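Student: First, the structure itself, so that you have it in front of you.
The values are calculated or read from the model by the stated rules, or taken from the named source; none is laboratory data. These figures come from a predicted structure and were not determined experimentally. Ideal geometry is used to build each Cβ from the backbone, glycine not excepted, and the neighbour counts take in all protein chains shown. Only protein heavy atoms, including side chains, enter the accessible area calculation; ligands, DNA and RNA are left aside. Shrake-Rupley method; radii C 1.70, N 1.55, O 1.52, S 1.80 Å.
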Amino acid sequence: MKSMKNLMIFGVTALVALSVTACKPTYEAPVDDPVMTTAPADAPYEMDFDQLNDDVIDSFSKTHVVFPFVKSMEISGDNDTKNIEVDIDIQEGVADYAVQVLLSDVTKKIDNNAYIQDFRIKQADDTQFGSVYDIYSYTYKVTCGGEALYDETIQPGTEIPLDPSVDGNKIMESVANEQADEESTEAGTASLN
């Protein structure tokens, strides 16, 4: 009886050991970084404008910069004529500076998302709008109530008459910090009284 019990314990132990070793993967594929390639310098530039439109709009929704006055925005283009076009419709009563901040942000986001499609493009930063505008002409139209506020076409390689150092994120942070400072100052003054 005792030997039968020992035999069963040995059998169960062997079964558990076999199960544990059978569950181990026998081969693991090495995890490599993806190979990112850059197109040859002489290859034509071909943008996917539907994807560019979606990416730019998504990039606005992922940041905390909100332009609540924007009714609609569409980015389109043509690879044959090498043109990028932005159509924005806004609400009435928006300050011109706010529209210029929006245009500056949109212009940089177009270039940065074009960079994702083609690594030969130089990304935008606080000093320039990137190199997609050296290849494509750029038309931006801003309308309000059917009236055109901006309708500019910039030829490739021409300076864009906007300020690349303007950043909606930084402006929003600055305004939020000022409001927080004012509130803490008011709270401090109220506690002294």
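Student: Enumerate the amide H contacts of Thr143 below 5 Å, restricted to partners 5 or more residues apart or on another chain; note that Pro and chain-start residues carry no placed amide H.
Tutor: Ile88, Asp89, Ile90, Leu149
Student: While we're on this one: Counting only residues 5 or more places away or on other chains, whose amide H sits under 5 Å from the amide H of Ser137 once H atoms are built in the peptide plane?
Tutor: Residues meeting the amide H criterion: Asn83, Ile84.
Student: Spelling out what I want: for every residue of region 153-165, take phi, set θ = phi - 60°, compute 6.51 cos²θ - 1.76 cosθ + 1.60 (Karplus), and round to whole Hz; glycine and proline get x.
Tutor: Here the 3J(HN,Hα) series is 10, 10, 6, x, x, 8, 5, 7, x, 10, 9, x, 7 Hz.
Student: Taking the solvent-accessible surface of protein heavy atoms with a 1.4 Å probe, what is the per residue accessible area of region 30-158 in Å²? Intermediate results must be reported in sequence, preceding the final value.
Tutor: Values: 7070 Å² over 129 residues.
Value returned for region 30-158: 55 Å² of accessible area per residue.
Student: Here is a further query. Using a 7 Å offset from the Cα along the Cα-to-Cβ direction at both Asp87 and Asn6, what is the distance between the two label points in nm, to one decimal?
Tutor: 8.9 nm
Student: Please turn the phi angles of region 80-93 into ³J(HN,Hα) values with the Karplus equation 6.51 cos²θ - 1.76 cosθ + 1.60 (θ = phi - 60°), one per residue in order, whole Hz, x for glycine and proline.
Tutor: Karplus-based 3J(HN,Hα) across region 80-93 equals 6, 8, 6, 10, 10, 10, 10, 10, 10, 10, 10, 6, 6, x Hz.
Student: Could you order the peptides 76-82, 129-135 from most to least packed, using the average number of other C-beta atoms within 10 Å per residue?
Tutor: Highest to lowest by the protection proxy: 129-135, 76-82.
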